[in-house]
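First the structure, in the form of structure tokens, and then the observations on it.
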Amino acid sequence: AVQRIECQLRGQPRFALRREGTAWRVEGGDLYDRARVEALLEVIASVRAPKVFSYGTAPSSASIGEATISLNLAEDSGTRSIRLSLGREFAGTPSGVYARVDGIDATVSVNDDVFRAIRSCAP
């Protein structure tokens, strides 16, 4: 159902991909490796929040916005967007990355694989 993916790392230009049938294309450009997109989407689909740090506004120490991924999904009722914003890494058991999902008023954790997958999205 994902039709468009947009990744952005703090201080770097936005990188967007658009589905064209079964292929993926860099927005306004060349074809993109479908296997890389499928690996990224597999990691994103497995996102779980094992820990909730706070409700309400994110603490400044979380540095939310280090990396962001937005997915546009085609549904029967139209298009829906999901945006996951990541912050800095933290130590602990388990270690991970601070995160927020638009529409959910909480700062949570995701594992390091999510941050690595978003960083590898852009060429």
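The values are calculated or read from the model by the stated rules, or taken from the named source; none is laboratory data. Remember, it's a predicted structure, so these values are computed and weren't measured experimentally. As a convention, Cβ positions derive from the backbone with ideal geometry for all residues, glycine included, and neighbour counts pool all protein chains shown. To get the accessible areas, we keep the full protein, side chains included, count just its heavy atoms, and leave off ligands, DNA and RNA. Shrake-Rupley method; radii C 1.70, N 1.55, O 1.52, S 1.80 Å.
Anyone know which of Ala91, Ala16, Ala45 comes out most mobile in the 10 Å Cα GNM of the chain?
In this elastic network of the chain, the residue with the biggest mean-square fluctuation among Ala91, Ala16, Ala45 is Ala91.
Go through Gly87, Val26, Val37 and say which Cα lies farthest out towards the positive end of the charge dipole of the stretch 6-111; charges sit on Cβ, +1 for Lys and Arg, -1 for Asp and Glu.
Of Gly87, Val26, Val37, it is Gly87.
Apply the Karplus parameterisation 6.51 cos²θ - 1.76 cosθ + 1.60, with θ equal to phi minus 60°, to every residue of the stretch 109-115 and state each ³J(HN,Hα) to the nearest whole Hz, in sequence, with x for glycine and proline.
10, 9, 6, 4, 4, 5, 5
In the chain, what percentage of the DSSP-assigned beta bridges are antiparallel, given to the nearest 5?
100 percent
Return the sequence-ordered ³J(HN,Hα) values of the stretch 88-99 in whole Hz as given by the Karplus equation 6.51 cos²θ - 1.76 cosθ + 1.60 applied to θ = phi - 60°, using x for Gly and Pro.
7, 6, 9, 8, x, 10, x, 7, x, 9, 5, 8
On average, how much accessible surface per residue is there in the stretch 1-102, in Å², for a 1.4 Å probe, leaving out ligands, DNA and RNA?
In whole numbers, the stretch 1-102 has 60 Å² accessible per residue.
Once the convex hull of the C-alpha atoms of the stretch 9-123 is built, how many Å³ does it hold per residue, rounded to a whole number?
Spelled out: Cα convex hull of the stretch 9-123, divided by residues, is 120 Å³.
Given charges of +1 on the Cβ of Lys and Arg and -1 on the Cβ of Asp and Glu, with all other atoms neutral, how large is the dipole of the chain about its Cα centre, in debye to the nearest 20?
180 debye
Extending each Cα 7 Å along its Cβ direction at Asp112 and Glu75, get the distance between those two points in nm, one decimal.
Once both label points are built, they end up 3.4 nm from each other.
Relative to the longest principal Cα axis of the chain, at what angle does helix 34-45 sit, 0 to 90 degrees, rounded to 10?
The answer is roughly 30 degrees.
How many nm is it between the label spots at Ser120 and Glu38, if each spot is 7 Å from the Cα in line with the beta carbon?
1.5 nm
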